[in-house]
Each structure stands twice: as C-alpha cells, then as structure tokens.
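Take a look at the structure set out below.
Just so you know, all these numbers are worked out from the coordinates, no wet-lab data involved. Note that the structure is predicted; figures quoted are calculated from it, not measured. All Cβ positions, even for glycine, are placed from backbone atoms using ideal geometry, and neighbour counts span all protein chains on display.
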Amino acid sequence: MRNYELIYILKPNVEEDVKEAVLAKVKSVIEEGKGEIDKVDVWGNRKMAYEIEDFTDGYYVLVVFKADIDVPKEVERNLKINDKVIRQMIVHVEA
C-alpha cells in the first residue's frame, strides 16, 4: 500500500450534514478499497488564495490514508461528481 494525502475544499455555505456526508463517502470508498485512514483533519472555513466559482472562502478537509493505486482514482471520481466540492487534490507521499 502507498501513502496518500487528500485535501478537498467544500463550498463555505454547505450545511453540516452535507459536510459529514462527503467525509463519510470518502471514508467508505477508502475502506471498501481495503485502504486505511490514518488521520482526518478538519481545518474548517478558511480564506482561499484566489476566488473559485465566486467563492473567496472554503471549508477545508485533509485526509491522510494508505491504499492501493486504484483507490485514489475512485475517491477523486466521487469528489468530482459532487457539486458541493470546489477543489480536490490527492498526492502520493513517500514514506
């Protein structure tokens, strides 16, 4: 398994249950792919460096996990189809 870091930004005006649902979906995709979640760090609402989709703030979440190569692709696919997600990025971290 490889180490990955995922950061995603939600629209700042989404409801709390939507925030929890997106995180639950990410966790379920990782766990269904036999991955392990090491850490979930919710940064909350923060100012973005530049405006995206008319938003200057975003709700940031960092997820550190271990998984096989195909799991990050599925996580990214799920985040891309969610209209509440502004941006997402997954990077492979050398151990």
statement: For the stretch 3-43, one quarter of the surface area of the C-alpha convex hull, expressed in nm², comes to 3.1 nm²
query: Hey, quick one: spin label on Asp68, modelled 7 Å out along Cα-Cβ, who in the stretch 1-33 has an amide N within reach, i.e. under 11 Å?
result: 1, 33
statement: Percent relative contact order for the stretch 15-95, counting Cα pairs under 8 Å at least six residues apart, stands at 28 percent
message: Between helix 16-32 and the chain, what is the angle of the helix's C-alpha long axis to the longest principal axis, kept within 0 to 90° and rounded to the nearest 10?
response: 20 degrees
query: Hey, any idea what Rg/Rh is for the chain, computing Rh the Kirkwood way over Cα pairs?
result: 0.96
statement: Quick calc, the chain, dipole around Cα centre from Cβ unit charges on Lys, Arg (+) and Asp, Glu (-), nearest 20 debye, gives 120 debye
query: Got a sec? Charge dipole of the chain, +1 on Cβ for Lys and Arg, -1 for Asp and Glu; which of Phe65, Val29, Val14 is way out at the positive end?
result: Phe65
query: Angle between the Cα long axis of helix 70-80 and the longest principal axis of the chain, 0 to 90 degrees, nearest 10?
result: 20 degrees
- request: Per residue of the stretch 41-57, in order, report the coupling 6.51 cos²θ - 1.76 cosθ + 1.60 (Karplus, θ = phi - 60°) as ³J(HN,Hα) in whole Hz, putting x for Gly and Pro.
  value: 10, 8, 8, x, 6, 9, 6, 8, 5, 8, 6, 10, 6, 6, 10, 9, 10
- request: Quick one: which residues, 5+ away or cross-chain, put their amide H under 5 Å from the amide H of Met48? H built at 1.01 Å from N.
  value: Asp57, Gly58
